[in-house]
Every structure is written in C-alpha cells, then in structure tokens.
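Trainee: I have a structure here, written as structure tokens, and I will follow up with some questions on it.
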Amino acid sequence: MAVLVTGGAGYIGSHACVELLLSGRDVVVLDNFSNSSPVALKRIKDLTGKSFRVYNVDLLDKAGLEHVFSENDIEAVLHFAGLKAVGESVSVPLKYYRNNVIGTVYLCEVMQQYGVKRMVFSSSATVYGVAENVPITEDSRLTAINPYGRTKLMIEELLHDIYQADDEWRIAVLRYFNPVGAHSSGKIGEDPKGTPNNLMPYIAQVAAGKRPQLSVFGANYPTKDGTGIRDYIHVVDLALAHLKALEYIQAHAGIEAFNIGTGVGYSVLEMINAFEQASGKTIPYIVSERRNGDVALCYANPDKARSRLKWQAKRDIHAMCEDTWRWQSNNPNGYQSVSDSRQAPIEKESPLVKTAAFLL
Ligand code: NAD
Ligand code: UFG
C-alpha cells in the first residue's frame, strides 16, 4: 500500500516525501511541475536511498489521475498540489479556482471511484482571515480575504460535504502557519520562482547578496517592535505532522482541522536578527509601507495537534534560519544549480514523464 503525494516535488511535499520514505512507507508522487523541479525528486532519492514512482500528471487531467490510481495500491493521499501566491490569485482568480478547487474535485472523484477515502489536506492559517483573537484556535471564525484563501476555504467545505455524504471518509485538514526552513542536509528547500513573496526566502537571498536589501512592510503595527508577528514553523516539523495525521486518520473516522504552528510568534525584526546570527551576514533593510492585506499578529494555539495528533514542533528559530542558510548557500540558484545540470536532470517535457510513471 502506498501514500500518494500530490505536489510531492514542491517545497513542503518534498520534505514530506523524505519523512514518509524514511518511516518505511511506500510513496507515489504526482506533480505537474508547474512550480517545482524534478531535481527535487532526485534529491529525495539521494537523501533516503529509497525508490518511488513519479507521475507528471495534472490534477485537472482526470484520465491521468485514474491511470495513477489504477496502477497503484493507494491507501491515502497527502494533498499538497495547489497554487499558493496570494497576489497572483487576486490578478487571475479563475486560474486559482480552476487549479485548486476543480483540481481537488477531480482528485476526490477519482479517490471515491477507487475506494480511497483517506486524505490529509494542506490548508492554511489564511482561512482565519483577520483573526479576532490570538493565539488562534481551530474553532475561530473562518473567512477569506483573497481568492487564494477562498480556494482553501471552499476545499475545506467541500471536504466536509463529502464526509457528510459518506462517513467512510477520514480527512485531516492541516492549517499551516508560516512554513520556513529546509532539510538539515541542505539538499532540499524552498525554491521560489522570481522575486520571493515571503519573508524567509527574501531574507536568505539578501544574505546571499542576490538582492540588495529587504523591505520591512510596516514598522507601526501595534506589536512589540512595530513589525508584523507570525508563527514560523520548520518545514521538517510540518512534514512530520503529516505522518502523525496519517496515523490519526487510520484510527479515527471523520473530518478534523488542526493548526500546525509552534504557538510562538516572532516579529520581522526578530527574524532578521536570528538570520544574521545563523548566517554571519548582515541583512540591510529599509522600512516601507505596510503591504495590503497584512495583519499585525498571527500565531497558532497548537494544543489540539499536541493532544490529538501527538505532534509538537521541535525545531526552533535558530534551526529554521541555519537550515535555510545551508540550503541557500549550497544552492544559490535553487534546483537550477550547475552541479545538477551535470547530473542530467529529468526533463519536465520528456515524453517519458508525460503521464507514464518513472521510477526514481
Ligand atoms: P509549492 O508550490 O512548492 O508546491 C506545490 C506543488 O504542487 C508544486 O510542485 C506544483 O508543481 C504542484 N501543483 C500545483 N498545481 C498542480 C496541479 N494542478 N496538478 C499537479 N501538481 C500541481 O507549494 P508548497 O509551499 O509546497 O505548498 C504546498 C501546499 O501547502 C499548497 O497547497 C499550499 O497552498 C499550502 N500552503 C503553503 C504555505 C506556504 O507558505 N508554503 C502555507 C499554507 C499552506
Ligand atoms: N514581510 C516583510 N517583507 C517582505 C516579506 C514579508 O516585511 O519582503 C513581512 C510581512 O509583512 C509579514 C511577515 O513578513 O509581517 C511574514 O510575511 P510572509 O509573506 O512571509 O507570510 P504571510 O504571513 O504574509 O503569508 C503566509 C503565506 C500565505 C498564507 C499565510 C497564512 O504566504 O499564503 O502565511 O498561512 F496564507
């Protein structure tokens, strides 16, 4: 029996694949590589010494999905695949509704068709919108303030409806706070295309000299130093939460949402300081205008995950910064680095990987 990982070549999915393989699970990856590189998959194999099947299939390709389920004995799905850029979702909302919502509808239809009714879904703290109270608990009011957030909310709702209609479904909805960091080997990490939208990859690129300075989006928030506070969670801790969620749904029917965060908030200035310490580099910054849609404070109450999933974040802010810096320094151009081209990376467009599986 295998776990299907949609979006397994992406930032969080690749870390989850490593932990799944190391825990002895069989893994099948499905990805269309729209925001990732097949090189990540080679790195997963190098790190774990384990082989796994990979399908270059789009969630919107229903025949392709059926092909994956017909060729593999799948017990559960970790559903990471989706588009995640908030700004882009405002400019091209239909692309987000199509990819994220319709893609998930197709996936669930095919799961149902093949009797696979276990899913761990990648939701986001964005479903809390501007939270009325922090730390945020799972029963807080849900709302979305942009199309990306609305796709997450719609998917959460459609998953509830699926369970209402068929109580054999077992679904864990994980609401991630701010994933950062990289695998401690420095072999896999976050590889944003173009200018990073998020704080940590931006800081890392400034430290590496790829960008001259960071813009701190507002220093007049009602917080300890005036800058925005977030709950940064190490991506390996986040990956491990998925293993716990898989164990949980094995034992519990129903649909449950869990906050996946540390419960501790850090400001932008604290993150800059921590990164300077970890990297030994100075991070020049200027204070600029607040970014539209940003909130002052966002951090989790992670008690439910601790008590029900038996999961707790273990890696602190120093590990988050050190591991990000190791990944950034070892891979200045992400997965496009020179050493990878010498290893003849798998071609995205190769007919071999179009829909048929390739084994890594
Ligand atoms: P990512 O972009 O690195 O990974 C997503 C992967 O899904 C990519 O490999 C992409 O190629 C693939 N994909 C996208 N659309 C697809 C489709 N139609 N068919 C097949 N594959 C497709 O993103 P990530 O940071 O690893 O995020 C994973 C999930 O977690 C996403 O659903 C995202 O919304 C959610 N999430 C991320 C964050 C964050 O800050 N990174 C926070 C909260 C929630
Ligand atoms: N920030 C800066 N400068 C930058 C980038 C960010 O000062 O160049 C600040 C932001 O204003 C915010 C903090 O750093 O105070 C964190 O910003 P990120 O963009 O890293 O993260 P967000 O909390 O804004 O958003 C992230 C994901 C969203 C998700 C949300 C909640 O990008 O997709 O967490 O999970 F919805």
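Rule-based calculations on the coordinates, nothing more; no lab input. A quick note: this is a predicted structure, and the numbers were derived from the prediction, not measured. In this analysis, Cβ positions are derived from the backbone assuming ideal geometry, glycine residues included, and neighbour counts consider all displayed protein chains.
Trainee: If you take every DSSP beta bridge whose two residues both sit in the chain, what share of them, in percent to the nearest 5, is antiparallel?
Mentor: In the chain, approximately 10 percent of DSSP beta bridges are antiparallel ones.
Trainee: Residues in segment 124-151, backbone N under 13 Å from the label point at D303 (7 Å along the Cα-to-beta-carbon vector): list them, ranges by number please.
Mentor: 135-140
Trainee: Report the Cα-based extents of segment 233-281 along its three principal axes, largest first, to the nearest Å.
Mentor: 48, 17, 10
Trainee: A follow-up question, please. More than 18 Å apart: what percent of Cα pairs in segment 99-160 qualify?
Mentor: Roughly 41 percent, rounded to a whole number.
Trainee: Another question, if that's okay. Cα-based Rg (one decimal) and Dmax (whole number) for segment 248-322, in Å?
Mentor: When restricted to the Cα atoms of segment 248-322, Rg and Dmax are 16.9, 50 Å.
Trainee: Hey, how many Å between the Cα centroid of segment 82-155 and the Cα centroid of segment 231-277?
Mentor: Comparing the Cα centres of segment 82-155 and segment 231-277, I get a distance of 17 Å.
Trainee: What dipole magnitude, in Debye to the nearest 20, does segment 95-226 give about its Cα centre under +1 on Lys/Arg Cβ and -1 on Asp/Glu Cβ?
Mentor: The dipole magnitude comes to about 660 debye.
Trainee: Using a Förster distance of 30 Å, how high is the FRET efficiency between M154 and S70, based on the Cβ-Cβ distance and rounded to 0.05?
Mentor: 0.60
Trainee: Placing +1 at every Lys and Arg Cβ and -1 at every Asp and Glu Cβ, with all other atoms neutral, what dipole size does the chain have around its Cα centre, in debye to the nearest 20?
Mentor: Computed charge dipole of the chain: roughly 740 debye.
Trainee: Return the distance in nm (one decimal) between the two label points of a simple spin-label model at A208 and K193, each offset 7 Å from Cα along Cα→Cβ.
Mentor: 1.7 nm
Trainee: Find out how many positive minus negative residues lie around K95, taking Lys and Arg as positive, Asp and Glu as negative, among other residues whose Cβ is under 14 Å from that of K95.
Mentor: That works out to +1.
Trainee: Here is a further query. What does the helix-only formula give at 222 nm for the chain: each DSSP H stretch with n ≥ 4 adding -39500 (n - 2.57), the total divided by the residues, and the result rounded to the nearest 500 deg cm²/dmol?
Mentor: -11000 deg cm²/dmol
Trainee: Report, in whole Å, the centroid distance computed from the Cα atoms of segment 9-81 and segment 167-201.
Mentor: Taking the Cα centre of each part, segment 9-81 and segment 167-201 sit 15 Å apart.
Trainee: Additional query: Please check which bits of segment 265-281 a label hung off A319 would reach, taking the label as a point 7 Å along Cα-to-C-beta and the cut-off as backbone N under 19 Å.
Mentor: 265-266, 271, 274-279
Trainee: So if I average 1/r over every pair of distinct C-alpha atoms in the chain and take the inverse, what Kirkwood radius in Å does that give?
Mentor: 20.7 Å
Trainee: All other residues with a Cβ under 12 Å from the Cβ of E190 taken together, and with Lys, Arg as +1 and Asp, Glu as -1, what is their net charge?
Mentor: For residues surrounding E190, the net value is 0.
Trainee: Where a Cα-Cα gap under 17 Å defines reach, which aspartates and glutamates qualify for K84, not counting those fewer than 8 residues away within the same chain?
Mentor: Answer for K84, where 17 Å is the Cα cut-off: D31, D58, E156, E190, D191, D294, listed by chain and number.
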